[in-house]
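What follows is a single structure, written as structure tokens, with notes after it.
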Amino acid sequence: MPTIAIVDGVKVQMFYNDHIPPHFHATLAGQEALIAISTLDVIRGSLPTAKLRAILAWAREHQSELALNWIKCQDQQSPERI
């Protein structure tokens, strides 16, 4: 699973050929949240509140890049670092 960014210590990753809806994984010290790219809703899991806020703020700024990386991962291409 490629790491596309590290935000405030939280790894942002995507799987190749992952299930829909388009999303990314945010992981920190054994905790994980799956976050939908289009809505920035947490699909599953959790992170500490301050870390989740930081990830969501970052994701708002990079939503289009996240969407493009999702497409690349679905096509078995390496995503870009953000």
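Odds and ends about this structure:
- Among the criteria (1) outside any strand (DSSP E or B); (2) surrounded by 15 or more Cβ atoms within 10 Å (Cβ to Cβ), the one Phe24 does not fulfil is (1).
- Annotation note: Cβ proximity below 6 Å between a residue of segment 12-26 that is modelled with pLDDT of 95 or more and a residue that is surrounded by fewer than 16 Cβ atoms within 10 Å (Cβ to Cβ) and in a loop (DSSP other than H, G, I, E, B) (sequence gap 6+ or interchain) occurs for Gln13/Met1.
- Contact map, segment 61-78: residues that are of a type in the set (A, V, I, L, M, F, W, C) paired with residues that are exposed (fewer than 15 other Cβ atoms within 10 Å of the Cβ), Cβ distance under 6 Å, separation 6+ or inter-chain. Pairs shown: Cys73/Tyr16.
- Matching residues in segment 36-66 - criterion: being of a type outside the set (D, E, K, R), part of a helix (DSSP H, G or I) and over 14 Å from Val12 (Cβ atoms): Thr49, Ala50, Ser64
The values are calculated or read from the model by the stated rules, or taken from the named source; none is laboratory data. This structure is a prediction, so every number in the text was calculated from the model and none was measured. Here Cβ is always computed from backbone atoms with ideal geometry, including for glycine, and neighbour counts include all displayed protein chains.
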